[in-house]
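To start, the structure under review is shown below, and the notes come after it.
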Amino acid sequence: MNTEELLDYDDVGDALREGRSLRPARGYRFLLAQGDLNFLSRQVSDPVPLGRQLLEAGALDPQDGYSLFAILPSGDFEDVRLNEPFDLREHGAERFVAFLTDREFKLTLNDDELRWGKPVISGAVLYGLAKPGEGEGVFLEVPGGEDRQIEHGELIDLAEPGIERFITAPKRPPTFEIIVNSRPRTVNDDTVTFEQIVQLAFPGQHEPNVVFSMTYRHAASTPHAGELGAGGSVDVKKKGTVFNVTRTVQS
């Protein structure tokens with residue numbers, strides 16, 4: 001591919017979600033947060049940048065004492081060494097978090113106080129520390145409200161005021177929030193069928209001459225968008241998969 005055919009940029013996150021390799025481009029976009037979960041889009045010109053180049057893309061000076069971590073799809077943290085290359089094409093990491101190393105963050109887990117050296121912690125790390133029993137999950141205590149169940153791939157900001165308190169407790173039945181004909185709906189399984197969505201859009205019995213057509217987008221399964229026919233099914237995301245159902249009466 002010659003210079004004229006290069007893309008202006010390719011997005012690391014898009015490549016991961018689409019299950020493809022990074023394309024040759026003049027720049028490569030990734031997400032970088034500084035000490036919190038406020039991830040901003042940044043760009044480097046090399047798909048194998050040094051760790052310090054990732055920092056510099058966010059206008060951060062490596063000499064200020066920053067540590068840099070890649071957040072893997074599993075929620076685990078991978079140390080990014082500032083003077084070593086980090087291959088954006090192979091690691092499967094879209095998000096990076098930089099923080100100054102002179103601070104610790106407190107949290108409690110089942111009433112045991114822990115100290116954590118990063119401003120964010122992942123659900124995967126919390127589950128590894130808590131070792132919940134069969135049928136149990138990790139929850140964030142919400143004073144005066146309902147405790148929130150933590151997902152493995154979730155990131156929790158520890159830099160907020162106060163000390164985050166986590167407990168293990170029986171898991172709640174999973175729910176998935178979808179949109180059907182512009183209305184929010186909740187389902188209890190990550191796979192939904194054509195017939196199930198039709199009932200959410202147009203409840204009740206239907207005459208034989210009524211035909212339904214359906215499109216979807218932002219699905220968890222591949223392809224992420226398309227048409228769904230009778231007898232078909234699609235995997236939905238935890239939140240945000242959209243369905244549009246059209247009802248036609250044939251003469």
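The values are calculated or read from the model by the stated rules, or taken from the named source; none is laboratory data. Model, not experiment: these values are computed from the prediction. All Cβ positions, glycine included, derive from the backbone under ideal geometry; neighbour counts span all protein chains shown. Calculation scope for accessible area: heavy atoms of the full protein, side chains included, ligands and nucleic acids excluded. Shrake-Rupley method; radii C 1.70, N 1.55, O 1.52, S 1.80 Å.
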Problem set entry | strands (runs of 3 or more DSSP E) contained entirely in the stretch 145-222, each with at least 3 residues that are within 14 Å of residue 241 (Cβ to Cβ), aromatic (Phe, Trp, Tyr) and at pLDDT below 90 | none
Exercise. Of all residues in the stretch 221-236, which are free of Cβ contacts under 8 Å to residues at least 60 places away in the same chain and either surrounded by 15 or more Cβ atoms within 10 Å (Cβ to Cβ) or closer than 27 Å to residue 19 by Cβ (or both)?
Worked result: 221, 223, 225, 226, 227, 228, 229, 231, 232, 233, 234, 235
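Do you know which residues across the stretch 71-110 are part of a strand (DSSP E or B) and open to solvent by 30 Å² or more (accessible area, probe 1.4 Å)? Please lay out each step first, then the result.
So the first thing to find is which residues in the stretch 71-110 are part of a strand (DSSP E or B), and the list is 71, 77-80, 85, 95-100, 105-109.
Result: 77, 78, 79, 85, 95, 100, 106.
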For this session: Go through (1) of a type in the set (D, E, K, R); (2) over 22 Å from residue 32 (Cα atoms); (3) open to solvent by 50 Å² or more (accessible area, probe 1.4 Å) and name the single condition residue 61 misses.
Result: (2)
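Restrict the check to the stretch 42-57 and report whether at least one residue is under 24 Å from the mean Cα position of the chain (by Cα), part of a strand (DSSP E or B) and among the aliphatic types (A, V, I, L, M). Let's see the steps before the verdict.
First, the residues of the stretch 42-57 that are under 24 Å from the mean Cα position of the chain (by Cα): 42-44, 47-49, 51, 54-55, 57.
From what is left, the residues that are part of a strand (DSSP E or B) are 42-44.
With among the aliphatic types (A, V, I, L, M) added as a condition, the list becomes 44.
Yes, the stretch 42-57 has at least one match.
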Exercise. Which residues, counting only those in the stretch 111-135, are open to solvent by 50 Å² or more (accessible area, probe 1.4 Å) and farther than 18 Å from residue 152 by Cβ?
Worked result: 111, 112, 113, 114, 115
Problem set entry | residue 218 vs. criteria within 23 Å of residue 188 (Cβ to Cβ) and either open to solvent by 30 Å² or more (accessible area, probe 1.4 Å) or not hydrophobic (A, V, I, L, M, F, W, C) (or both) | yes
